[in-house]
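Just so it is clear, none of the values below were taken in a lab; they were calculated from the coordinates. Just so we're clear, the structure is a prediction, and the values are computed from it rather than from any experiment. Cβ coordinates were reconstructed from backbone atoms using ideal geometry, including for glycine residues, and neighbour counts include every protein chain displayed.
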Amino acid sequence: MKRYLLTLTIALCAITLKIEAKESMTSLTNRVMSIAIKHCENMDKALEPGRSPRYFGEGKFADKDIKWWCSGFYPGTMWYLYENTGNEQMLALAKKHTEQLSPLQWYNKNHDIGFQIFCSYGNGYRLTGNKAYEKVIRNASATLITRYNPTVGSIRSWDSKKWKYAVIVDNMMNLEMLMWTANRAKDKNLRKIAITHANTTLRNHFREDFSSYHLLDYNPENGEVLIRQTVQGYADDSRWARGQAWGLYGFTMMYRFTKDAAYLKQAQGIADMIIGYLPKDGIPYWDFNAPDIPKAPRDASAGAIIASALIELSQFLPEKSEEYLAVAERQLRTLASKKYLAPVGTNGNFILRHSVGHLPGNSEVDVALTYADYYFIEALTRWSLLGKQ
Ligand code: GLY
């Protein structure tokens, strides 16, 4: 009897220890990658040819044609999965869904060509060196700068007649493709346009606490700021979570290319402001100033973008490195938990749940979104490259 009790106690202790042992980031990453690969394979089977995943919510899956701003994220996610695992099926599907975006290299109706082409062809070129992909990226950069007005010093985001010359903070993200192309092609004009756009955004979009407005309308004749407002946030003067995330990622990325101290200072200011608004688990409410916090929906997409940006920024700021990596780790652990990471065969074959697209427009609220998946897998890739456990 005594022996039996001793064995039982040892077994119980072992089980408790196992439950309490923190999963290593390596094991977490491997676990997420294998689930993500299955989601991506199933997504390919579910998609009609030429379509792109958009969202899954309330039991409904929505896709979109390739002109939708998000069309680069699904192939981009698969490029990262291939990079991490060497999975040949991911390589084949990444190529297939990248190459169907080819007509976009000439598409000049909005600023999103940077998201669309660089997440897909950009990662594809980085991993394969395919020269044809480089050509598409160069063409897309030439297309994007047709939207630049030197008087404003910015690339126009949207053509809607509601505004004279709308520029949203999200547009910082498109500069990555321009800076990359400028370096490859030794094109000073592209570089100048990207840097001028970043400087104009830094000067006009931001408030004293490093938070940003979503949209600025400019007078295209003289560059005067006409309106500072929100479209996707709670209020003109609130802090729309994904807008803050785009700003953080954008200025961190611009520092990577230029080593301009002003961009690093801006990125650090944005990071510290964001961290001050994060809930304990690291996943932001859709707007930091949503009036119904803590009942307001979370935005996993903003959490994933912030995690990815903080990992990069941590490498530029040794004195903040530990703090930023601790926040990013907390975010990644939450995103990899049952609440956010969807089991295979559910969630419309998206990886993450609980993002918000456009709450004031009553569109894509608390749904799965393709860019949450992309930046989550990118962040895990960046984490793996740090060589930490
Ligand atoms: N760039 C559009 C969005 O973040 O919703």
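Could you tally the net charge around residue 298, taking each other residue with its Cβ under 15 Å from the Cβ of residue 298, Lys/Arg +1 and Asp/Glu -1? Summing Lys/Arg as +1 and Asp/Glu as -1 gives +3. Taking a sphere under 13 Å around the Cβ of residue 197 and counting the other residues whose Cβ falls inside, with K and R at +1 and D and E at -1, yields a net charge of +3.
Comparing 54, 333, 156 in a Gaussian network model of the chain, where Cα atoms under 10 Å apart are tied by springs, the biggest mean-square fluctuation is seen for 333.
Residues 78, 273, 172, ranked from the fewest to the most other C-beta atoms within 10 Å, line up as 273, 172, 78. Paramagnetic label reach from residue 34 (point 7 Å along Cα→Cβ; backbone nitrogen cut-off under 18 Å): within segment 52-96, residues 81-90. Listed peptides 102-111, 211-220 appear in the order 211-220, 102-111 once ranked by packing, highest mean of other Cβ atoms within 10 Å at the front.
Taking a ≥ b ≥ c as the square roots of the Cα gyration tensor eigenvalues, segment 218-266 comes out oblate, since a/c reaches at least 1.5 and a/b does not exceed b/c.
For the options 347, 222, 139, a Gaussian network treatment of the chain with springs between C-alpha atoms closer than 10 Å singles out 222 as fluctuating the most.
Convex hull of alpha carbon positions in segment 106-237: directionally averaged projected area 8.4 nm². Scanning the chain for DSSP H helices at least 30 Å long along the axis (C-alpha atoms) with a Kyte-Doolittle mean no lower than -1.0 picks out 25-46. Which of the three applies to segment 49-136, rounded, prolate or oblate, going by the alpha-carbon gyration tensor with a ≥ b ≥ c and a/c under 1.5 meaning rounded? In terms of gyration-tensor shape, oblate. Over segment 154-303, all Cα pairs binned in 10 Å intervals from 0 give whole-percent P(r) values of 11, 40, 34, 13, 2, 0, listed from short to long. Helical content of the chain, expressed as a calculated mean residue ellipticity at 222 nm, amounts to -17000 deg cm²/dmol (DSSP H runs of 4 or more residues, -39,500 (n - 2.57) each, divided by residue number, nearest 500). Cβ crowding within 10 Å, taken as a proxy for footprinting-reagent exposure, orders 70, 40, 119 from fewest neighbours to most as 70, 40, 119. Note on residue 38: lysines with a C-alpha under 19 Å away, same-chain residues under 8 apart excluded, are 95, 96, 338, 339. Taking only the alpha carbons of the chain, we obtain Rg and Dmax values of 21.4, 91 Å in that order. Ranked from largest, the principal axis spans of the Cα set of segment 237-389 equal 41, 38, 26 Å. Structural descriptor for segment 305-387: relative contact order 30 percent, calculated from alpha carbon pairs under 8 angstrom and at least 6 residues apart. Largest mean-square fluctuation among 231, 32, 169, in a Gaussian network model of the chain whose springs join Cα atoms under 10 Å apart, belongs to 231.
In this structure the amide hydrogen of residue 54, modeled in the peptide plane, comes within under 5 Å of the amide hydrogens of 62, 63, 64, none closer than 5 places in sequence on its chain.
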